[in-house]
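Trainee: Structure incoming, see below.
Bear in mind these aren't lab numbers, they're just calculated from the coordinates by the rules spelled out. Given the structure is predicted, the values throughout are model-derived calculations rather than measurements. In this analysis, Cβ positions are derived from the backbone assuming ideal geometry, glycine residues included, and neighbour counts consider all displayed protein chains.
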Amino acid sequence: MKIFNIIAAGVLMVMGSLSAQGQTTLPEPKKSDVSIGNVKLSRDDKDLVLDYEIRLGDNVLSCSVEVIMLVGGADGQKYPLTASELKGDFGKITQSGAKQIRYNVERSKERLAGRDIRFTLNVKGKNVLDDEILAMGSVAVMPQMSYGLMLGYVKKFGGYIKFRSDFNFAQASYQCNSTGEIDGGGYMWSSGARRQSRLQATGGVLFRAAKWLYPYAGVGYGSRSVHWQDWEGNWAQVSDYSCVGVAAEAGLILKLGPVAVSAGVSNTAFKFTELEVGVGVMF
């Protein structure tokens, strides 16, 4: 918790002449810390105006700023000011920059007149990003089944690698198209037997959009092969149902406690598209 004190004499405050004490320069915070400073206290009509600057470290998603009024000096009675008494940039803060808080002093000027009044800004409740490791099993559910593993690392940004296959690595003896025409001439007579093979290896970027939401996108290599068996027992690769080339994918990961679930879509060579789901852990 960081505390920043702003001190003003009560008599002068009610009359509108204010003073403030604090840092004049704002230090660069550590990645998991918060800096607050450049505080200016002034009077505007009925309001006490508190201008300040806050800077969130790279790993801080948000923090909470609380305003406490001390009546009777540093050891005086504490009055945490509520949302009904304040306007402006207090409570949850999600972005660095110049901020302003306004306090309607007219409501309390008789009670505060002649008193030693101090204000304290408390920076607390930091929401800090932690390093997270992802291990997830995945399965392509449409239009062809294949299985794989996704491993990743993320803080705000990170990366991942993924491998997926149906683990059928059989080869074909020759090629034909979906009408049965053989490359080089002639036709194949199918026995009716079919088989498929699928392989994909990708890597990409993993991004933490929220504490529970992680979009990802990547590219890599992919292949899909469809084989038909002829009446002699030989296998032919059906060229217009098969493809090999650049694979691209994108999806979303939802974190539910330590459990992570995903849904995504991938395409190989701008020809074969499939849907994929996964389940794993993030720790």
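Trainee: How much length, in nm to one decimal, is gained on full extension between S191 and V261, taken as 0.36 nm per residue of separation minus their Cα-Cα distance?
Mentor: Result: 21.1 nm gained on full extension.
Trainee: Around G204, what is the net charge, scoring Lys/Arg as +1 and Asp/Glu as -1 over all other residues with Cβ under 15 Å from its Cβ?
Mentor: Surrounding charge for G204 is +1.
Trainee: Between V205 and S173, what length in nm is gained on full extension when 0.36 nm per residue of separation is reduced by their alpha carbon distance?
Mentor: Between V205 and S173, full extension yields an extra 7.6 nm.
Trainee: Using the count of nearby Cβ atoms within 10 Å as a rough guide to exposure, how do L129, L254 rank from fewest to most?
Mentor: L254, L129
Trainee: Run the reach check for K87 against lysines, Cα to Cα strictly under 25 Å, same-chain hits fewer than 8 apart removed. What comes back?
Mentor: K2, K40, K46, K78, K99, K109, K124, K126
Trainee: Which of the aspartates and glutamates could a cross-linker span from K92 if the Cα-Cα distance has to be under 19 Å and same-chain partners fewer than 8 positions apart are dropped?
Mentor: D33, D51, E53, D58, E66
Trainee: So what's segment 176-283 giving for Cα Rg divided by 2.2 N^0.38 Å, two decimals?
Mentor: 1.46
Trainee: Sorted from fewest to most neighbouring beta carbons within 10 Å, what does the list E106, E274 look like?
Mentor: Fewest-to-most ranking of E106, E274: E106, E274.
Trainee: Now, a different point. I want to make sure I understand the PRE zone here: with the label point 7 angstrom from the Cα of D45 toward its beta carbon, which residues in segment 75-97 have backbone N atoms less than 19 Å away?
Mentor: 84-89, by backbone N distance to the label point.
Trainee: Where the centroid of each part is defined by its Cα atoms, how far is segment 79-111 from segment 239-266 in Å?
Mentor: Here the two parts' Cα centres lie 47 Å apart.
Trainee: Equivalent ellipsoid semi-axes for the chain, as square roots of 5 times the alpha carbon gyration tensor eigenvalues: give them largest first, rounded to whole Å.
Mentor: Semi-axes from the Cα gyration tensor: 69, 15, 14 Å.
Trainee: What's the magnitude of the charge dipole for segment 205-283 around its Cα centre, counting Lys and Arg as +1 and Asp and Glu as -1 at the beta-carbon? Answer in Debye, nearest 20.
Mentor: About 620 debye.
Trainee: When we measure straight from the Cα of K162, which lysines land under 29 angstrom away, once same-chain ones fewer than 8 places off are left out?
Mentor: K211, K255, K271
Trainee: May I pose another question? Express the relative contact order of the chain as a whole percentage, based on alpha carbon pairs under 8 Å and six or more residues apart in sequence.
Mentor: That works out to 14 percent.
Trainee: Between I182 and V244, take the C-beta separation as r, use R0 = 22 Å, and let me know the FRET efficiency to the nearest 0.05.
Mentor: 0.65
Trainee: What FRET efficiency comes out for the pair Y153/E66, r = Cβ-Cβ distance, R0 = 41 Å, nearest 0.05?
Mentor: 0.75
Trainee: Another one. In deg cm²/dmol, rounded to 500, what helix-only [θ] at 222 nm does the chain give when every DSSP H run of at least 4 residues adds -39500 (n - 2.57) and the total is split over its residues?
Mentor: That calculation yields -500 deg cm²/dmol at 222 nm.
Trainee: Under a Cβ-only charge scheme (Lys and Arg +1, Asp and Glu -1), can you give me the dipole magnitude of segment 132-282 about the Cα centre, in debye to the nearest 20?
Mentor: 880
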